[in-house]
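Contents: one structure, followed by commentary.
Bear in mind that the values in this text are calculations on the coordinates, not laboratory data. Keep in mind that what you see is a predicted model, and the values were worked out from it rather than measured. Because the Cβ atoms are built from the backbone with ideal geometry, glycine has one as well, and the counts that use them run over all protein chains shown.
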Amino acid sequence: MRVIAGSVKGRKLKAPVGLHTRPITDMIKEALFNVWGPDIYDATVLDLFAGSGSVGIEALSRGACKVVFVDNDIDAIKIIKENLGICGFKNGWEVFKNDVFRVIELLTRHGQKFDYIYVDPPFSNAGIFNEIMLVLGRADILEDDGILVIRARKQKEMAESFHRLVKYRQSNYGESNLHYYRWTEEDSIS
């Protein structure tokens, strides 16, 4: 696993040991950032269920001004901090070792919004996908022109909308699908 582009292109990243995380492949990460494009520069990014921090670190390398990493696993948090050190990123980021639902509530209360949100829940917990999307669809932490992407198992069906989040794209990469959502004016629930 490595940083694909930007200021620290080519840096090798560590992954937490064990089966608790599924690091994103370079192919999926490259496809994700091709869709996000150059607008990632100077953007704010929320990396939920961050694992190794690979997606948020890629965003920092490509010029994001702030990335918030969230994971509740202490080993993942240690690896994220190690990877940030490997890349030499001293600022522009925050790491929360906490439940993602609590952090979303905290960010909402503080009026924090993000241009991009990447969500990568554990595939082993099928119920968490709809639960997190319903919370994010009401949370109002995505900028009006922002994009939310959730990675799910290929077989996992994701609704076309979750309150104010509406799907506009889906891409398949082997065993994973990326589902892309935008914030809309009207609340609709699937």
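Which angle from 0 to 90°, rounded to the nearest 10, does the C-alpha axis of helix 127-139 make with the longest principal axis of the chain?
For 127-139 against the chain, the angle is about 80 degrees.
Tally Lys and Arg at +1 and Asp and Glu at -1 over the other residues with C-beta under 11 Å from the C-beta of Ala126: what net charge comes out?
0
Given +1 on the Cβ of Lys and Arg, -1 on the Cβ of Asp and Glu, and no further charges, what dipole in debye does the chain carry about its Cα centre, rounded to the nearest 20?
Taking the Cα centre of the chain as origin, the dipole is about 740 debye.
For helix 100-109, report the angle its Cα long axis makes with the longest principal axis of the Cα atoms of the chain; keep it between 0 and 90° and round to the nearest 10°.
70 degrees
Compute a Gaussian network model of the chain, connecting alpha carbons closer than 10 Å, and tell me which residue from Ile74, Ile141, Ile28 fluctuates the most.
Looking only at Ile74, Ile141, Ile28, the largest GNM fluctuation is found for Ile74.
Rounded, prolate or oblate: pick one for the stretch 57-190, where a ≥ b ≥ c are the square roots of the eigenvalues of its C-alpha gyration tensor, a/c under 1.5 means rounded, and failing that, prolate if a/b is larger than b/c, else oblate.
Here the stretch 57-190 falls in the prolate category.
In the neighborhood of Ile74, defined by Cβ-to-Cβ distances under 14 Å, what is the net charge if each Lys or Arg adds +1 and each Asp or Glu adds -1?
Values: positive: Lys78, Lys81, Lys97; negative: Asp71, Asp73, Asp75, Glu82, Asp99.
My count for the surroundings of Ile74 gives -2.
With r as the distance between the Cβ atoms of Leu106 and Cys65 and R0 = 30 Å, compute the FRET efficiency 1/(1 + (r/R0)^6) and round to 0.05.
E(calc), rounded to 0.05, equals 0.90.
Where a Cα-Cα gap under 19 Å defines reach, which lysines qualify for Lys97, not counting those fewer than 8 residues away within the same chain?
Answer for Lys97, where 19 Å is the Cα cut-off: Lys14, Lys66, Lys78, Lys81, listed by chain and number.
Can you give the angle from 0 to 90° between the axis of helix 74-87 and the longest principal axis of the chain, with both taken from C-alpha atoms, to the nearest 10?
Helix 74-87 sits roughly 60 degrees off the main axis of the chain.
How much length is gained on full extension from Asp26 to Asn98, taking 0.36 nm per residue of separation minus their Cα-Cα distance?
23.3 nm
Subtract the Cα-Cα distance of Val17 and Tyr41 from 0.36 nm times their separation in residues, and report this length gain in nm to one decimal. Walk me through the numbers on the way to the answer.
Numbers: separation 24, 0.36 × 24 = 8.64 nm, distance 3.12 nm.
That works out to 5.5 nm of additional length.
Over the stretch 126-178, how many percent of alpha carbon pairs lie in each 5 Å bin up to the one with the longest distance?
Once binned at 5 Å, the Cα pair distances of the stretch 126-178 give 4, 18, 31, 26, 14, 6, 1.
What does the extension gain come out to for Lys90 and Asn34, with contour length at 0.36 nm per residue minus their alpha carbon separation?
Details: separation 56, 0.36 × 56 = 20.16 nm, distance 2.58 nm.
Value of the extension gain: 17.6 nm.
Let's test the formula: R0 of 41 Å, r as the Cβ-Cβ distance of Asn125 and Lys9. What FRET efficiency results, to the nearest 0.05?
Calculated transfer efficiency: 0.75.
Take Tyr168 and Arg182, extend 7 Å from each Cα along the Cα→Cβ direction, and tell me the distance between the two endpoints in nm.
In this crude spin-label approximation the distance works out to 0.2 nm.
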